[in-house]
Amino acid sequence: MRVRRMEVDGALEFTPVVHHDDRGLFVSPFQETAFARAQGGPLFPVAQASHSRSRRGVVRGVHFTSPPASVAKYVSCPQGEVLDIVVDVREGSPTFGYWEAVRLDQHTSRALYLPPGVGHAFVALRDDTVVSYLLSAEYVAEHERAISVWDPQLGLPIPTDTEPVLSARDRAAPTLAEARAAGILPRYTPGTTPSGGRRT
């Protein structure tokens, strides 16, 4: 399992070994020992496992949880392909406003860990794309928030080669600056040392 620290403080990328033979493949996108070594501590508690299925062009996010919720996510793409975007929306974070985009797909089985409060978005690049989540707390609708993927200050790399499909909530989401002014952003909890990245 290869591990890379991402440009958003505390976020991690995991790339497992994929075993191929004439039957197909076998892969373990989550491995507790590798996670604990990279995180410098024990596994976050898994309270819920979820998945979404999307057609090409679907855009979900930027989603995050607001106080008092504190939810970490472990995200992979077992079918299809997504452009996955991690955005730091945590007040007080040394990488506030940074983002990083990573392709997740069924061939590499790459996975991402997002610490509590980090924003998450993705664009489905193929039909019948499945994104799988391990969550450290159960979903509570009233704690869920969104930032606009079209925020010009963020400048997220949303592909333009297909018509984007968004939920009504995501279409109406505020910009990062508007969310900050409204006081709905989560607070930063110190984690790993930032490695630089894109800042708004």
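We did not get these values from a lab; they are worked out from the coordinates using the rules stated. Predicted model only: the values in this text are computed from it and were never measured. Methodologically, a virtual Cβ is constructed for each residue, glycine included, from the backbone with ideal geometry; neighbour enumeration extends over all protein chains shown.
Summary table below
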quantity	calculated
Net lengthening on full extension, residue 4/residue 21 (0.36 nm per residue, minus Cα-Cα)	3.4 nm
Estimated distance in nm for a label pair at residue 52 and residue 140, the labels positioned 7 Å out from Cα along Cα-to-Cβ	2.1 nm
Exposure proxy ranking, count of Cβ atoms within 10 Å, fewest first, for 160, 129	160, 129
By average C-beta atoms within 10 angstrom, highest first, the peptides 133-140, 23-30, 166-173, 6-13	6-13, 133-140, 166-173, 23-30
Rounded if a/c under 1.5, otherwise prolate or oblate - the chain, Cα gyration tensor axes	oblate
Paramagnetic reach from residue 37 in the stretch 7-24 [backbone N under 19 Å; point 7 Å along Cα→Cβ]	11-19
